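In what follows, a structure is listed as structure tokens, so that the remarks can point back to it.
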Amino acid sequence: MKILVQSEDFDLGAEVAAMSGGRTDIGAIASFVGLARDMNEGSGVQAMTLEHYPGMTEKALATLVEEANARWALLDVTVIHRVGRLLPGDPIVLVAVASSHRGEAFAACEFIMDYLKTRAPFWKKEETPDGTRWVDARASDDAAAARWDQS
Amino acid sequence: MKLHVLYFARLRERFGVAEEALEFGGATAAELVAQLQARGGVWAEELAAGRTFRVAVNQEVVALDAALPEHAEVAIFPPVTGG
């Protein structure tokens, strides 16, 4: 398991290679990369700054990964979330999940992202032509996370 | 009891403070919120009933009726928006 909160960019290929390197029991790696968009709530976004709660962030991410491990038979998980100022097109978050078969890997990857969106203490502030604004939490993210409570 | 209180994101900006040491005479998170509301101004506005915010105690989100332990690290912040 690897959990990182960092300002630096990450390399998806290198992270996936690091998971599978030296082992032959992994049959599937599912990965998700979230990127900074140039548009939100109908206006252009020139940049965003991600703030977090050092200490709690790492604990919250570890808890998400532990919950995924309890639900599915996973062989490895990597979560990297960037903080600081990012530009449109910049990668924000990486989740990669290794398992024996694709079903567990796909499901756990989506689960971790859905829970990360609603439980990990990160906040986005956008720079737009009309000034800066804090991003509001979305009900659709709560709904996405709630799906996993029922299953 | 003594508490270490942290604020993040929009609340940190509006309150104009990132962290403070507080002397607290109550017992629960709700009572701490009430004590902060009593400061008036942006405190009363942002922590008013119906406003959405989260409270974490020692880095875990809790319900407002949670008891606060001595020397707790309490954080108050808006709903999260990472990912």
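Bear in mind these aren't lab numbers, they're just calculated from the coordinates by the rules spelled out. Please read all numbers here as calculations on a predicted model, not as lab measurements. Positions of Cβ are backbone-derived with ideal geometry, glycine not excepted, and every protein chain shown enters the neighbour counts.
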| task | Check whether at least one residue in region A:64-80 is outside any helix (DSSP H, G or I), surrounded by fewer than 15 Cβ atoms within 10 Å (Cβ to Cβ) and without any contact (Cβ under 8 Å) to a residue 40 or more places away in the chain, and report yes or no. | result | yes
| query | Looking at (1) of a type outside the set (A, V, I, L, M); (2) within 24 Å of residue A:26 (Cα to Cα); (3) surrounded by fewer than 17 Cβ atoms within 10 Å (Cβ to Cβ), can you tell me which one residue A:99 breaks? | reply | (3)
| said: Which count do you get for residues in region A:42-62 that are small (Gly, Ala, Ser), in contact (Cβ under 8 Å) with a residue 12 or more places away in the chain and either at the interface with chain B (Cβ under 8 Å from one of its Cβ atoms) or under 20 Å from residue A:112 (Cα atoms) (or both)? | reply: 2
| field | Failed condition for residue B:49, given (1) farther than 29 Å from residue A:93 by Cβ; (2) within 14 Å of chain A (Cβ to nearest Cβ) | value | (2)
| Can you pull out the residues in region A:1-50 that are closer than 24 Å to residue A:61 by Cβ and of a type in the set (Asp, Glu)? | A:8, A:9, A:11, A:15
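Quick grid of which residues meet (1) within 14 Å of chain B (Cβ to nearest Cβ); (2) part of a strand (DSSP E or B):
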| site | (1), (2) |
| --- | --- |
| A:92 | yes, yes |
| A:96 | no, yes |
| A:108 | no, no |
| A:111 | yes, no |
| A:124 | yes, yes |
| A:132 | yes, yes |
